[in-house]
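What follows is a set of notes on a single structure, which appears directly below.
The values are calculated or read from the model by the stated rules, or taken from the named source; none is laboratory data. The model shown is predicted, which means the values in this text are computed figures rather than measured ones. Here the Cβ positions follow ideal geometry from the backbone for every residue, glycine too, while neighbour counts run over all protein chains shown.
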Amino acid sequence: VVALGTPEHSVVTTCAYCGVGCSFKAEMKGDRLVRMVPHKDGKANEGHSCVKGRFAFGYATHRDRITRPMIRARITDPWREVSWEQAVSHAASELRRIQAEYGPDAIGGITSSRCTNEETFLVQKMIRGAFGNNNVDTCARVCHSPTGYGLKTTLGTSAGTQDFASVADSDVILVIGANPTDGHPVFASRMKRRLREGARLIVADPRRIDLVRTPHVQADHHLQLLPGTNVALVNAMAHVVVTEGLVAEDYVRARCDLAEFESWARFIAQERNSPEAAEPVTGVPAQAVREAARLYATGGAAAIYYGLGVTEHSQGSTTVMAMANLAMATGNIGRPGAGVNPLRGQNNVQGACDMGSFPHEFSGYRHVSDDATREMFEAIWGVPLSAEPGLRIPNMLDEAVGGRFKGLFVQGEDIAQSDPDTKHVTAGLAAMECVIVQDLFLNETAKYAHVFLPGSSFLEKDGTFTNAERRINRVRRVMAPLGGLADWEGVMALSNALGFPMAYRHPGEVMDEIAQLTPTFAGVSYARLEEVGSLQWPCNEDAPLGTPMMHVDRFVRGKGRFMITEFVPTDERTGVNFPLILTTGRILSQYNVGAQTRRTENSRWHAEDVLEIHPFDAELRGIREGELVSLESRSGDIALRARISERMQPGVVYTTFHHASTGANVITTDYSDWATNCPEYKVTAVQVRRTNRP
Ligand code: SF4
């Protein structure tokens, strides 16, 4: 890929970074990509882009790309390049050997939110059909699995309720546990446009993020809570709604389960849920919570946008349900400008979840124990399928450490860097006998692999991504796969070697099968996508043009369900040895663990992760700006430079996790969400000291 030259033609495709799903024209000179230009017709971005989508595509042809399959007997052996046939045949025979020796459930796989819907669908199909179990999971386990649990339980399906465009109809915007200007910049611009027009803004975040005060935008309220106290804060807002008579009674009566509402209202009205009772827990003045709650309930159409600052907690699922309670109680779901919306991190995390990447669900969020659904899949796939939910990623690793789980297929994820408690993850990987990694680069996980299959970037394949507003966008191939096969073709090769035949000639045929088996995708095909550009699911007979807004006349589950959301403090406690709380996040120019953006020019904007610390805490420790400090938790310690910043509140420090050398997950805890095992990345008790360590 070169950055210069006059383009001769262009191909419309979708950005492979965040869940906004911006549409781009890949401008080509011959078979070389000259530049990426935001596409005016893209419904998610309307011609806008950020520095990642626009400039950070050079990783696709970076010299670090591995383009030949490789195998080795032990992880201490050197890699040996082999043909695709040899690699998949070796992988298949190892997986079958393990099953014969340790049992059919001793293997599993992980799908990728970086890959297309079609590829993800094929991976879970291979695992269910060829591995013969439901041991499939995805990186949503470590990010938005609480969204899946919380929204499905309360509303009936796991997805944002609004489309991006409808922020233009919002009168009040509540941003909680998200930093849109860094994480979802193009949508943040849309949000800021509405705020400049006069919409009111409430930000709930431990850190003073840019949205709190930017040129022409200032939050009405910044509820600067302590990490780990989201449930107490949202409950306190709901307490104000209930006790001050701000419930949308007609809406609740018509749309929600009344018995459950009444029992929730009794719970939430208790004094222990009041803003005054919450103040010592959250650190947010009660009066500010009261004013914010009144604004949310009475200020017109109110939209909630949230991110990993909500989900990556021991009570992540509870907070999602608490927000759904608040929105239902005020009538703020299913009408223009109102809703509850997860800002999805990865480009296709919504799609990976939709496609059946969870161990308990087929595509379209249908439980594996549902006989009618399972029989439908069995009829089309021609194999018996297990009705038992499989293992989640942390359970696979636990079982591996215990000697009972021995084989893993990982597509496009670097769990050794991205998952919590790195020591435990690597111990699990090291205990396995066959780890198969399909990726662009030899990442940290590949250090524990026995088979490496070359992955393909988004530029090397056809397919679709689904963004955070459920919009299915086409991804189009602009160059041949450097490794010879696109990811979907590599999965087919492995499945065929395992004796579970797949013979798709194009990802469009995979989408046809997805549509056949998934009611919410029944009206989706490549022909329709060519015709209309993009479609938002549900798209079927009832909604042939797709569904921009969900839950309009009724909730997907029928009646909206209020859930009791008791606040339970995390077990991660500060104390004499670890007096500060560490929380983590992202920065605009970089992306997640940095495997892609670090291999582009974007690195010049963020060459290293730093530790943000409040001046009070810095002074107490004699720490000066730019000095190297050690950051120590109960799990381990790392070193990084200090940035003294009043964005932080005293007692809370912050870092990003874009550089493998920082190793932020060495120090995170192994606490996780009670319902989904999503790790509690956002709360770690730490100590910070000056250090001379290089
Ligand atoms: Fe890509 Fe997200 Fe930036 Fe859009 S906002 S260009 S999807 S990284």
Counting only residues that are under 22 Å from Gly228 (Cα atoms), at pLDDT below 95 and among the acidic types (Asp, Glu), how many does segment 160-215 have? 2
Can you name the residue in segment 19-31 that is at pLDDT below 90 and not in a loop (DSSP other than H, G, I, E, B) and, of all such residues, is farthest from the ligand (Cβ to nearest atom)? Lys29
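Applying the selection to segment 155-184, what residues are of a type in the set (Gly, Ala, Ser), more than 16 Å from the ligand (Cβ to nearest atom) and not in a loop (DSSP other than H, G, I, E, B)?
First, pick out the residues of segment 155-184 that are of a type in the set (Gly, Ala, Ser): 156, 158-160, 165-166, 168, 170, 177-178, 183.
Then drop every residue that is not more than 16 Å from the ligand (Cβ to nearest atom), which leaves 156, 158-159, 166, 168, 170, 177.
Selection gives Ser166, Ala168.
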Whether any residue in segment 324-335 is under 30 Å from Arg193 (Cα atoms), among the basic types (Lys, Arg), in a loop (DSSP other than H, G, I, E, B) and more than 16 Å from the chain's Cα centre (by Cα) is what I want to check. yes
Regarding segment 536-547, can at least one residue be identified that is touching a residue at least 12 places away in the same chain (Cβ under 8 Å), assigned to a loop (DSSP other than H, G, I, E, B) and within 30 Å of Glu85 (Cβ to Cβ)? no
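Conditions tested, residue by residue: (1) more than 14 Å from the ligand (Cβ to nearest atom); (2) surrounded by 23 or more Cβ atoms within 10 Å (Cβ to Cβ).
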residue: Cys15; (1), (2): no, yes
residue: Arg54; (1), (2): no, no
residue: Ile98; (1), (2): yes, no
residue: Thr116; (1), (2): yes, yes
Hey, among Arg80, Arg63, which residue is within 29 Å of the chain's Cα centre (by Cα) and free of Cβ contacts under 8 Å to residues at least 24 places away in the same chain? Arg63
Condition check for Arg80: touching a Ser or Thr at 6+ places or on another chain (Cβ under 9 Å) and away from the ligand (no atom under 11 Å from the Cβ): no
Note down all Cβ pairs under 6 Å where the first residue falls in segment 93-104 and is in contact (Cβ under 8 Å) with a residue 24 or more places away in the chain, the second is surrounded by 18 or more Cβ atoms within 10 Å (Cβ to Cβ) and part of a helix (DSSP H, G or I), and they're at least six residues apart or on different chains. Ile98/Ala106
Quick one: Gly198 ticks every box in (1) more than 30 Å from the chain's Cα centre (by Cα); (2) in a helix (DSSP H, G or I); (3) farther than 30 Å from Thr668 by Cβ bar one, so which box is it? (2)
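The rows are residues; the columns are (1) within 15 Å of the ligand (Cβ to nearest atom); (2) in contact with a Phe, Trp or Tyr (Cβ under 8 Å, 6 or more places away or on another chain).
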| site | (1), (2) |
| --- | --- |
| Val12 | yes, yes |
| Leu33 | no, yes |
| Arg63 | no, no |
| Ser89 | no, no |
| Ala106 | no, yes |
| Thr111 | no, no |
Taking the residues in segment 520-536 that are closer than 18 Å to Ala468 by Cα and surrounded by 19 or more Cβ atoms within 10 Å (Cβ to Cβ) as candidates, determine which candidate is farthest from the chain's Cα centre (by Cα). Val524
Against the condition among the hydrophobic types (A, V, I, L, M, F, W, C), within 16 Å of the ligand (Cβ to nearest atom) and not in a loop (DSSP other than H, G, I, E, B), how does Ala188 come out, does it pass? yes
Output for segment 400-427, where each listed residue is assigned to a helix (DSSP H, G or I) and either surrounded by fewer than 21 Cβ atoms within 10 Å (Cβ to Cβ) or touching an Asp or Glu at 6+ places or on another chain (Cβ under 7 Å) (or both): Val401, Ala416, Gln417, Lys423, His424, Val425, Thr426, Ala427
Being among the small types (Gly, Ala, Ser), modelled with pLDDT of 90 or more and not in a strand (DSSP E or B), is that true of even one residue in segment 583-604? no
Tally, over segment 196-230, of residues that are surrounded by 20 or more Cβ atoms within 10 Å (Cβ to Cβ) and on the phi < 0 side of the Ramachandran plot: 20
Failed condition for Ser534, given (1) within 28 Å of Glu279 (Cα to Cα); (2) touching a strand residue (DSSP E or B) at 6+ places or on another chain (Cβ under 9 Å): (1)
Per the list (1) touching a Cys at 6+ places or on another chain (Cβ under 8 Å); (2) of a type in the set (Ser, Thr, Tyr); (3) over 27 Å from Pro548 (Cα atoms), residue check on Ser93 breaks on (1)
